[in-house]
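Inspection log for the structure reproduced underneath, given as structure tokens.
The values are calculated or read from the model by the stated rules, or taken from the named source; none is laboratory data. Please read these numbers as outputs of a predicted model, since none were measured by experiment. For neighbour counting, all protein chains shown are included, and Cβ atoms are generated from backbone atoms with ideal geometry for every residue, glycine included.
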Amino acid sequence: MNKITKRTFTSEFRLECVQLIVVKGYSYRQASEAMNVGSTTKDSPDA
């Protein structure tokens, strides 16, 4: 069985994601695709 590696995100990365949605008007899906993050990442408390 393969172990799944958990990604961690910096504060700067998170801020950039938020800015795409709030400032630039991206939808959550568009921002996820632009930042190469899965759409279920937001559901993770440690993301």
Inset, instruction - Considering (1) at pLDDT below 95; (2) part of a helix (DSSP H, G or I), say which one D46 fails and leave the rest. - result: (2)
Legend entry - Residues of the range 1-35 that turn out to be assigned to a loop (DSSP other than H, G, I, E, B) and either touching a residue at least 12 places away in the same chain (Cβ under 8 Å) or of a type in the set (D, E, K, R) (or both), as a count: 7
